[in-house]
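Pasting a structure below so you can have a look.
Throughout, read-outs are computed from the coordinates displayed, never taken from laboratory work. Since the structure is predicted, the reported quantities are computational estimates derived from the model, not experimental observations. All Cβ positions, glycine included, derive from the backbone under ideal geometry; neighbour counts span all protein chains shown.
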Amino acid sequence: MSWSVVTSEPLDVAAHEKAVADAGAGAVVCFQGVVRDHDEGNAVVELEYEGHPSAAAVLDEIVAEFAKDPEVYAIAVSHRVGLLAIGDTALVAAVSTAHRAEAFQLCARLVDEVKSRLPIWKRQRFADGSDEWVNCP
């Protein structure tokens, strides 16, 4: 089983873990990307994510590619768009496999691939009133 979503709604980490549960899986690894209050010495007050209209289709493609791996039992990944506060979850990726090493490796690769290819741009707003667009693929 696999699914992906780009949404403005809060992300549910437990729902991702449940979605990848499988009786044959000995490992479920879940990554939660959370908005932090700093970046390179600057105090961050909020983030805004803006997605290209193709973002959902690109995320589906990435998930489909990873789902073809015979080690993968199930995969679920979601990315938020819109205004996020410090502590909000921006990205959730969950993978289940037979063994932990594969699950950790696949989840890390999945997050890297999403960050590399997903056309979602991040605007950081700093405490001093300035802002910066970053992570634009």
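Return the label of the correct value of Cα Rg over 2.2 N^0.38 Å, as calculated from the structure shown, out of (i) 2.12; (ii) 1.26; (iii) 1.08.
Recomputing Cα Rg over 2.2 N^0.38 Å here gives the entry labelled (iii).
Also: Mind putting a number on the dipole of the chain about its Cα centre? Charges go on the C-beta only, +1 for Lys and Arg and -1 for Asp and Glu, and I need it in Debye to the nearest 20.
Dipole size: approximately 220 debye.
Considering the options P119, I75, L91, tell which one lies farthest towards the positive end of the dipole of the chain, charges being +1 on Lys and Arg and -1 on Asp and Glu at the Cβ, about the Cα centre.
I75
Please report, in cubic angstrom per residue, the volume enclosed by the convex hull of the alpha-carbon atoms of the stretch 21-64.
About 140 Å³ per residue, rounded to a whole number.
Which of Q32, G51, A15 sits closest to the plus end of the dipole of the stretch 1-53, meaning its Cα is farthest towards the positive end, when Lys and Arg get +1 and Asp and Glu get -1 on the C-beta?
Value computed over the given set: A15.
Express the relative contact order of the chain as a whole percentage, based on alpha carbon pairs under 8 Å and six or more residues apart in sequence.
Computed over the chain, the figure is 35 percent.
Which semi-axes, in whole Å and largest first, does the equivalent ellipsoid of the stretch 76-137 have when worked out from the alpha carbon gyration tensor as the square roots of 5 times its eigenvalues?
28, 12, 10
Here is a further query. Assign unit charges at the C-beta atoms only (+1 for Lys and Arg, -1 for Asp and Glu), then state the dipole size of the stretch 15-86 relative to its Cα centre in Debye, rounded to the nearest 20.
Using only the charged Cβ atoms, the result is roughly 240 debye.
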